[in-house]
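Peer 1: Sharing a structure, written as structure tokens. Questions coming.
The values are calculated or read from the model by the stated rules, or taken from the named source; none is laboratory data. For clarity, every value in this text was computed on a predicted model and none was experimentally measured. Cβ coordinates were reconstructed from backbone atoms using ideal geometry, including for glycine residues, and neighbour counts include every protein chain displayed. Keep in mind that these areas ignore ligands, DNA and RNA; they rest on the heavy atoms of the full protein, side chains included. Shrake-Rupley method; radii C 1.70, N 1.55, O 1.52, S 1.80 Å.
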2 protein chains.
Amino acid sequence: MKKLINKPEDVVVDAMRGIEAAHSGLVKAFYDPNYLIRADAPVQGKVALVSGGGSGHEPLHGGFVGMGMLDAACPGPVFTSPTPDQMLEASKAVNGGTGVLHIVKNYTGDCMNFEMAAELLSMEGVQVESVIINDDVAVQDSLYTAGRRGVGATVLVEKMAGAAAEQRRTLAEVAEVARKVNAHSRSMGMALTSCTVPHRGEPTFSLPDDEIEIGIGIHGEPGRRRVKIAPAAEIVPMLTEPVISDLALNSGDEVLAFVNGMGGTPSIELYIVYNELAKILAGHGVKIARNLVGSYITSLEMQGCSITLLRLDDELTQLWDAPVKTAALRW
Amino acid sequence: MKKLINKPEDVVVDAMRGIEAAHSGLVKAFYDPNYLIRADAPVQGKVALVSGGGSGHEPLHGGFVGMGMLDAACPGPVFTSPTPDQMLEASKAVNGGTGVLHIVKNYTGDCMNFEMAAELLSMEGVQVESVIINDDVAVQDSLYTAGRRGVGATVLVEKMAGAAAEQRRTLAEVAEVARKVNAHSRSMGMALTSCTVPHRGEPTFSLPDDEIEIGIGIHGEPGRRRVKIAPAAEIVPMLTEPVISDLALNSGDEVLAFVNGMGGTPSIELYIVYNELAKILAGHGVKIARNLVGSYITSLEMQGCSITLLRLDDELTQLWDAPVKTAALRW
């Protein structure tokens with residue numbers, strides 16, 4: 001295993017210290033339990049957004065802490081849920097008096113632990129709403145999931161619900177935005193290569209030199225099928241058509257098109273994928289009104305990509321365009 | 001070879017079309033010869049910045065076209081210099097009447113072709129200045145270079161000279177800023193893995209499973225030495241100490257610290273590297289006043305990183321902080 005790390009058991013804390021050192025104006029880090037919060041938290045009168053999950057998906061979630069997006073992120077061990085005490089302490093640290101929204105990717109451990117944290121917070125009188133993200137059309141259930149997995153839509157939910165919170169909408173309203181973004185988003189990913197979890201030291205799965213996995217999960221969970229490596233012009237439709245179909249997109253619809261790198265994919269390849277995606281959508285008469293191209297929800301050093309489409313309306317477009325200032329996303 | 005591409009010979013144009021489709025508000029693309037320009041070019045009365053080089057280093061340079069940075073980028077074939085006609089046409093397209101600055105990484109082909117383009121432009125009455133970037137302390141000469149290679153400082157030069165041009169400084173003044181940034185910057189990189197040039201289809205070099213290359217070039221050129229894989233806490237000093245020494249940094253100096261990913265390196269590892277870098281600089285009494293962490297000058301899907309330090313003064317800090325709006329860098 002070749003990685004730029006120290007001891008495998010120190011990966012999460014070492015990276016948190018790096019984020020803290022690099023972005024001290026944006027975030028504050030707390031350890032044991034581990035969480036990152038906005039440097040100016042708690043923001044009084046603003047609904048607080050808290051997310052988290054296993055590490056290894058960076059910049060998700062710590063890179064999205066800041067104005068216009070998350071108030072706190074709870075990083076678990078690599079590919080392993082954070083614990084309820086992380087979510088509890090983070091939520092209390094950022095609660096501005098108007099409640100906390102938990103944004104939870106649909107994995108069994110994350111759901112269970114966020115639910116427990118929400119119960120503990122309720123007992124302490126903190127108002128909590130939870131939104132489960134489940135946008136991956138690849139498989140119905142998976143190794144770690146009952147129901148669809150939460151993937152790329154998480155980034156969009158965090159951005160748009162974050163913008164709604166900045167407008168001082170109520171907890172119920174911000175949760176409504178988050179659910180709407182999730183409901184109108186679908187994703188599918190693929191892998192060219194596996195990834196290696198540091199404390200295991202061996203690739204999560206093996207993929208022959210001439211094969212790729214269509215429908216991969218962000219922890220290397222199996223997808224729909226393996227196929228021979230093919231040109232981007234053939235691979236991108238395998239990801240996009242199921243998304244278009246599941247989202248029931250029609251000619252004239254406007255979408256946000258998000259091409260995401262899995263961590264080890266260079267920018268040049270992501271733009272080649274985007275070019276194919278744009279052609280497919282044009283063929284369906286679907287207009288890309290907004291887009292995002294980059295590695296925002298990753299699987300360590302896995303090579304591959306995912307495509308997320310979100311059906312836009314005026315409200316969501318405005319929330320997307322609203323200012324954001326985080327380590328990984330800013331405008 | 002597993003990559004998200006179509007035909008190897010179409011990689012550059014397919015990626016340009018993707019950039020054009022994704023960022024039509026920011027850039028316009030031209031083909032045959034290939035170049036990207038600011039959507040609002042030419043900006044009358046502003047010195048125009050033109051850069052370019054082999055493709056495979058994205059987001060450099062096309063991702064840096066826009067307000068506050070480059071006016072045009074000329075992408076050559078992967079790891080191969082663009083041709084003088086690309087630079088000529090791009091320069092003419094963005095010339096706002098006050099001259100053009102060519103920002104050239106120190107590789108033999110780039111230098112020769114930019115020089116020829118500058119001569120042709122002079123014959124057409126366009127004022128041109130050229131700045132050669134040569135910040136890599138790893139080796140004195142290399143496979144493709146007489147003298148030091150141009151690497152990470154290129155990003156900083158493009159940002160700061162771009163800001164100076166936005167302030168409507170003269171061509172001589174903008175060139176002076178570019179030379180100053182280069183003179184005060186030093187870099188060194190390392191690779192965990194090789195990369196594969198699409199039209200070759202085989203890795204550029206081979207590296208045993210337990211070895212890394214210290215001082216690697218951005219085209220996979222040999223570095224200083226190969227060592228066994230080691231913890232980040234041992235690798236980062238191998239890159240940083242030669243940079244500190246060559247830059248003659250002293251206690252009390254302020255720097256911009258740039259941790260760059262080589263294309264296949266996940267964000268979590270870059271922040272672990274940043275954490276080690278911050279500790280080393282603190283040990284020298286050097287203050288990190290600004291930083292940049294991400295994959296900005298890459299070598300296709302190579303895993304590894306480079307570290308660039310730039311000695312800051314008030315002028316350079318202000319130029320760094322000035323607004324920028326490009327596909328890959330914005331604030």
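Peer 1: Just the Cα atoms of region A:93-139, one point each, no solvent: what log10 I(q)/I(0) does Debye give at q = 0.23 Å⁻¹?
Peer 2: Values returned for q = 0.23 Å⁻¹ are -0.81.
Peer 1: In addition: Going by a ≥ b ≥ c, the root eigenvalues of the Cα gyration tensor, does region A:1-79 fall in the rounded group (a/c under 1.5), the prolate group (a/b larger than b/c) or the oblate group?
Peer 2: Note, shape of region A:1-79 comes out prolate.
Peer 1: Right, something else. Got a sec? What order do A:TYR296, B:TYR107, B:TYR144 fall in by accessible area at 1.4 Å, biggest, i.e. largest, first?
Peer 2: B:TYR144, A:TYR296, B:TYR107
Peer 1: Cα convex hull of region A:32-117: mean projected area in nm², to one decimal?
Peer 2: 4.8 nm²
Peer 1: Could you tell me which residue in chain A puts its beta carbon nearest the axis mapping A onto B, with the distance rounded to whole Å?
Peer 2: In residue-and-Å form, the answer is A:GLY264, 2.
Peer 1: Right, something else. Please list, by residue number, every one of the GluC sites (Glu not before Pro) in region A:29-125 that is coil in DSSP and has at most 16 other beta-carbon atoms within 10 Å.
Peer 2: A:GLU124
Peer 1: So, one more: Report, in listed order, any pair from A:LYS7/A:LYS28; A:LYS7/A:LYS325; A:LYS105/A:LYS287; A:LYS7/B:LYS279; A:LYS28/A:LYS159 with a Cα-Cα distance greater than 26 Å.
Peer 2: Long pairs (Cα-Cα over 26 Å): A:LYS7/A:LYS325; A:LYS105/A:LYS287.
Peer 1: Consider all pairwise Cα distances in the protein assembly as shown and report the whole-number % of them above 47 Å.
Peer 2: Across the protein assembly as shown, Cα pairs with separations above 47 Å total 11 percent.
Peer 1: Continuing with this model, one more query. Could you pull out every residue, at least 5 positions away or on a different chain, whose amide H is within less than 5 Å of the one on A:ASP253? Hs are placed 1.01 Å off N in the peptide plane, and Pro or chain starts have none.
Peer 2: Under 5 Å from the amide H of A:ASP253: A:LYS287.
Peer 1: Another question, then. Taking amide H positions as placed 1.01 Å from N in the peptide plane, with prolines and chain starts having none, which residues 5 or more places from A:ARG224, or on another chain, fall under 5 Å of its amide H?
Peer 2: A:ILE214, A:GLY215, A:ILE216
Peer 1: Please list the radius of gyration and Dmax for chain A, considering alpha-carbon atoms only, with Å as the unit.
Peer 2: Rg, Dmax (Cα atoms, Å): 18.7, 56.
Peer 1: I'd like to know which of B:TYR271, B:GLY97, A:MET69 lies farthest towards the positive end of the charge dipole of the protein assembly as shown, counting +1 on Cβ of Lys and Arg and -1 on Cβ of Asp and Glu.
Peer 2: B:GLY97
Peer 1: In addition: Just check region B:8-183 against the gyration tensor rule for me: Cα atoms, a ≥ b ≥ c as the square roots of the eigenvalues, rounded for a/c under 1.5, and otherwise prolate or oblate depending on whether a/b exceeds b/c.
Peer 2: rounded
Peer 1: Using the Karplus curve 6.51 cos²θ - 1.76 cosθ + 1.60 with θ = phi - 60°, work out ³J(HN,Hα) for each residue of region B:26-40 in order, rounded to whole Hz, and write x for Gly and Pro.
Peer 2: 9, 10, 10, 10, 10, 10, 6, x, 7, 7, 10, 10, 4, 4, 9
Peer 1: I've got another one for you. Spelling out what I want: for every residue of region A:236-250, take phi, set θ = phi - 60°, compute 6.51 cos²θ - 1.76 cosθ + 1.60 (Karplus), and round to whole Hz; glycine and proline get x.
Peer 2: 4, x, 4, 8, 7, 4, x, 5, 4, 5, 5, 8, 6, 6, 10
Peer 1: Looking at the protein assembly as shown, what % of its DSSP beta bridges pair antiparallel, to the nearest 5?
Peer 2: Here the antiparallel bridges make up roughly 55 percent for the protein assembly as shown.
Peer 1: Same structure again: How far is B:ALA39 from the same spot in each other copy, in nm, shortest first, if each label point sits 7 Å from Cα toward Cβ?
Peer 2: 3.1
Peer 1: Let me ask something else. Between the label point of B:ALA248 and that of the same position in each other copy, find the distances and list them shortest first in nm, with every label point placed 7 Å from Cα along the Cα-to-C-beta direction.
Peer 2: 7.2
Peer 1: At 1.4 Å probe size, with no ligands or nucleic acids counted, give the accessible surface of A:LYS180 in Å², nearest ten.
Peer 2: 50 Å²
Peer 1: How large is the helix-only mean residue ellipticity at 222 nm for chain B, computed as the sum of -39500 (n - 2.57) over DSSP H runs with n ≥ 4, divided by its residue count, in deg cm²/dmol to the nearest 500?
Peer 2: Here the helix-only value at 222 nm equals -10000 deg cm²/dmol.
Peer 1: 5 Å is the cut-off here: which amide hydrogens, built 1.01 Å from N in the peptide plane, fall below it relative to B:LEU292, excluding neighbours closer than 5 in sequence?
Peer 2: B:ALA257, B:PHE258, B:VAL259
Peer 1: Using a 10 Å cut-off around each Cβ of peptide A:18-27, what is the average number of partner chain Cβ atoms that fall inside?
Peer 2: 6
Peer 1: Taking a point 7 Å out from Cα toward Cβ as the label site, list the nm distances between A:TRP331 and the same residue in every other copy, smallest first.
Peer 2: 1.8
Peer 1: Output wanted: per-residue J couplings in Hz (rounded whole) for region B:120-135, from phi through Karplus 6.51 cos²θ - 1.76 cosθ + 1.60, θ = phi - 60°, x for Gly and Pro.
Peer 2: Values, residue by residue: 4, 5, 4, 4, 8, x, 8, 6, 10, 10, 10, 10, 9, 9, 8, 9 Hz.
Peer 1: Assign one of three labels to region B:212-328, namely rounded, prolate or oblate, based on the Cα gyration tensor with a ≥ b ≥ c the square roots of its eigenvalues; rounded applies when a/c is under 1.5, prolate when it is not and a/b is larger than b/c, and oblate otherwise.
Peer 2: In terms of gyration-tensor shape, oblate.
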